[in-house]
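Student: Have a look at this one before I ask anything.
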């Protein structure tokens, strides 16, 4: 058993090592966050049953290395940051609401199946299973009618738009590896929809 003094010393050394890695690796990786051309396209917003629904597609996400990681059993997440803003002249635009949607996949080598989860925080919205890699990648990269706000919450006299960013390959590991691997995650730039009314596009 380590004494409290020894534990403090070891943790201190570990913290220093992690900080040094951050200092050396962080700036280089930050500068090349989106070097692979990860981007969102075809962002549209429609109104259905009183709700405004967001659609969009993520491109450039599935590299061979990412697919290898999935097939090795690593739980992989795509996190979509979705914000609805009201367009205003002369002053900054106003954020009306935002959501963070988690698309998560886990591969079972035994069953040869992909289990997909759609979550918002800890709340599970949908769970699906498939044997098709193509179907899995579609589930992971598509925003397929995610509700963003009730149409009643918006003014018919204003114009609105949605901006979306995706963060990829966020994998859950225990300390200290979660901090190190966080630098390996990639993210897209913000992508913007055209402006629309309270009735959608």
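Each value in this text was obtained by applying a stated rule to the coordinates, not by laboratory testing. Owing to the predicted nature of the structure, the values given are computational and were not obtained by experimental measurement. Cβ: placed from backbone, ideal geometry, glycine included. Neighbour counts: every protein chain shown.
Student: Distance in nm between label sites at residue 192 and residue 59, each 7 Å beyond Cα in the beta-carbon direction?
Tutor: 1.9 nm
Student: For the peptides 151-161, 95-105, what is the packing order when you average, over each peptide's residues, the other Cβ atoms within 10 Å and list the highest mean first?
Tutor: 95-105, 151-161
Student: Which value results when the Cα radius of gyration for the range 32-192 is divided by 2.2 N^0.38 Å?
Tutor: So the range 32-192 has a normalised radius of gyration of 1.12.
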